[in-house]
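A short reminder: the numbers here are calculations on the coordinates, not readings from a lab. Note that this is a predicted model, so its numbers are computed, not measured. All Cβ positions, even for glycine, are placed from backbone atoms using ideal geometry, and neighbour counts span all protein chains on display.
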Amino acid sequence: MGFNQGEVVAGHTRTLYCSGQTAMSADGRPQHDGDMAAQLALSLDNVEAVLAEAGMSLANLVRLNVYTTDVDLLFQHYGVLAARLGAAEAAPATTMLGVTRLAIPGQMVELEATAVD
């Protein structure tokens, strides 16, 4: 199953539609099984990497969808996400959705982002 990590649509402005990012290493291996805080941090690192490839940063985020297999546990660690977004002065429209499972077993959170510059 092939897909792009992000697609840029260029016109008067550029819009980046970022595929869902999870706690995967650079070589595509799942990381931090069972550790919500670490998964959230690495997922956000991966969002930042896709943004950087497009010449953007967290400050360019206009939308962030958060998918999680455990809403209550995510709320306990939401500060990880809030601190990073706050430091970037980013306040994207955000939706959090509880899901039964994600595509990779052991993954607990997935971040799907849209950015504009």
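Let me check against my output: what whole-number percent is the relative contact order of the chain, with C-alpha pairs under 8 Å and at least 6 apart?
Once divided by the residue count of the chain, the mean separation gives 37 percent.
Out of T100, G28, L40, whose Cα points farthest toward the positive end of the dipole of the chain (charges: +1 Lys, Arg; -1 Asp, Glu; placed on Cβ)?
T100
Quick one: which residues, 5 or more positions from S19 or on another chain, have an amide H under 5 Å from its amide H? H modelled 1.01 Å from N in the peptide plane, none for Pro or chain starts.
Amide H neighbours of S19: G6, E7.
Only Cα pairs within less than 10 Å get springs; with that Gaussian network setup on the chain, which residue of V66, V47, V99 has the largest fluctuation?
Of the options given, V99 has the highest mean-square fluctuation.
Using a simple charge model, +1 on the beta-carbon of Lys and Arg, -1 on the beta-carbon of Asp and Glu, nothing else, what dipole does the chain show about its Cα centre, in debye to the nearest 20?
180 debye
By how many degrees, 0 to 90 and rounded to 10, does the Cα axis of helix 36-53 deviate from the longest principal axis of the chain?
Approximately 20 degrees, to the nearest ten.
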